[in-house]
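What follows is a single structure, written as structure tokens, with notes after it.
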Amino acid sequence: MQKSLDTKLAEIRRNPQTRTFIIADAKDPDMARGVESFGRLSPSDPRMRALKSPEAFRADEAKYRTVEDFCELIREVTRQGLIDIMLMSASTNERLTIKERLFDNSHITPAARANDTTDIWVVRGGRYAGEASRPFRSATIDHIQCGKVECEPKERVLGANLGLYSVTFVNCIHRDMQSLREFKEFREEAERKGFRYFLEIFDPNVDSGLAAEKLGAFVNDSIVRSLAGVTERGRPVFLKMVYHGPKLTEELAAYDPSLPVGILGGGAGTTYDAFKLIAEAQKYGARVALFGRKINNAEHQLAFIEMLRRIVDGQVQPEEAVRAYHGVLQGLGIKPQRPLDEDMQLTDTSMSYAGPTTITVSKKAGTTGGHRPPLQRETAKASVYAPPAAVTSWPMFPDGSPDFGRMSNAERVAYHKARLNNKLGWTK
């Protein structure tokens, strides 16, 4: 099946000013947090009542989802069909991509975390993330592609053929040289094995000696310098990084339009944090967003993703989307984590797994501290909800599921609106 990622990447490279936007769901928290990775069970879950432990009902104790619980969430998001990439750990990728064949008839591209630098090791009681990041890889490319230590050539299509590779520059020549050596080895192996990757760049996880206002420029320059010696076959398909504001985002996006800039979502924060972040990043040149904790901690993941897609498709503004999301929760009888007025607030959201770095999204719509207007910007019309257009059909597969690869923009908009109204119960 044609993957929407490939179609969108081609469009973005052809026309950097397009609104086309790639959304990835990061379902790889087990690479960082251990047992608590997949989130807490609801107090109403029957398994909570069945627990025998006397600590089970203490206010400071939590019981967590299982691997199978999390796999079912991945299946639901995949069936929904609104994201473009599903990022998983190598073990989850084996379960769902290699053994279950979940993505065979989906436009969504499966991907796996290809390395796990020490700054994402956030286990209970651990202190690893507080030390300068060091490179490390649990997964191998072969295990991601076919589930075993060495793949036969024909087996490399069994699993994921896209990975996330992460680098954390800390402004220390010895640490950063070692990170780049490991990155070089990975790139060369990936090129030999026909494996694609996208590059995640975290801000320094320890004191780097940089003033806050110089951090974004340091990261931008580190990316450009590090990739200048990498030819096309070894380059990432896109970047994933902290959103450092309009000026630095459009600076990097304009430098090389063939390398799309993506932003990471950071900590859970408020719903408005997430919706405003993706809208502002898109406005200033980002064409990819990878949200993990923001999706996984949402009260209703499918509705949350629906709103993200509607925002980047220009159908609603972030403020409208928050109100609509709360409307969905109310219609489904789900108690929100915060009342609407609190969920409409912007907060400083952690951008690293361990939480030492933060980014503040502009509180004034479309501006940050007086930066000039964007170099390349499409102005979307103010979006006010209206009933779905009189489009009652769209390209479908024989089984009746939507064929996103053949949909026009109008058909995609109509499909999303109908889905939101009919499936999630959102009304004006």
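At-a-glance table
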{"item": "Förster-model FRET efficiency, 45 Å R0, VAL230 and GLN330, C-beta, rounded to 0.05", "result": "0.35"}
{"item": "The range 156-196 and the range 71-146: distance between their alpha carbon centers, rounded to Å", "result": "15 Å"}
{"item": "Ordering of 318-329, 242-253, 214-225 by packing [mean C-beta count within 10 Å, highest first]", "result": "242-253, 318-329, 214-225"}
{"item": "Derived scalar couplings ³J(HN,Hα) [the range 230-237; Karplus, 6.51 cos²θ - 1.76 cosθ + 1.60; whole Hz; x for Gly, Pro]", "result": "10, 7, 3, 5, x, 7, x, 7"}
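Each reported figure results from applying straightforward, stated rules to the coordinates on display, with no laboratory input. This structure is a prediction, so every number in the text was calculated from the model and none was measured. Note that each Cβ is placed from the backbone with ideal geometry, even for glycine, and that neighbours are counted across all protein chains shown.
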